[in-house]
Amino acid sequence: MRLILPSDMPTAADLAAKKRLRFDLAKRGTGSGQILVSTSADTELEDVTLELPTLRARDGKPLKGSVAWHRVGYIPRGGMLFYHEKSPAFSAGWMADPLLPPAPFRVRKGATQSLWVDVKADADAESGDYAGYARVLVSGVEKAKVVLFARVRKFSLPETFGLDTAMGLMDGFLRETYP
C-alpha cells in the first residue's frame, strides 16, 4: 500500500503490474487493498462505479464473508505543528482521510481516484482459495477489470481481542507537546 493523491499518475511499474489484488485472510479476518482509476490530461470520467464479485472457490462455492468498497476522500492539508519525517511533502496539498460510501463518482482530467476494497472471511468460512473479477464501470460500461484473489487460512482470529484499546503516537510527540 502507498499513499495515492489525486495528482498522482501511474508509474511505469504500475502500468506493467498485473491487475490483481491478493488478500491473505484468517477466518474472522479482513484484508484491504486499493484499486486506482486514473485519467489522462484530456479525459474526464463521470458516472464511474465499481462492481464487486461474489468470490468463489474453484468448485463454485461462494466465500462466506463479504466484499465491499469505498471511495477514498481527500482533505486539504494545512501546516502541521510537528512534521514527521515519514509524512508526505507539504507540497502535496491533500491528505487521504475519509472513506466515502460506495456511489457513482467522477475522475477529473489528469487525476487519480483511489478505491478502498475490503474482503472479510466469516468465522465459518471454509479455508481455501477464492477469486472473482472487480469491474470498473463508466456509465454501466466495463472499462477495466481487476482480479480479486483471497486465500482463507485454516485458523480463526479470536472473537474478542486481548486489548480493549490500541493506540499509537508519533515518536517524540508527547515530549514536544508537553516538555
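Here are some notes:
- Vicinal HN-Hα couplings computed from phi for the stretch 63-74 (Karplus, 6.51 cos²θ - 1.76 cosθ + 1.60; Hz; Gly/Pro x): 5, 7, x, 8, 10, 9, 9, 9, 8, 6, x, 10
- In the structure shown, the pairs Lys27/Lys143; Lys64/Lys109; Lys19/Lys61 are assessed against 30 Å; a Cα-Cα span above that value is assigned to Lys27/Lys143; Lys64/Lys109.
- Amide hydrogen neighbours beyond the local backbone of Ala26, cut-off 5 Å, H modeled: Arg153
Read the figures in this text as sums done on the coordinates, not as results from a lab. Since this is a predicted model, take the numbers as computed values, not measurements.
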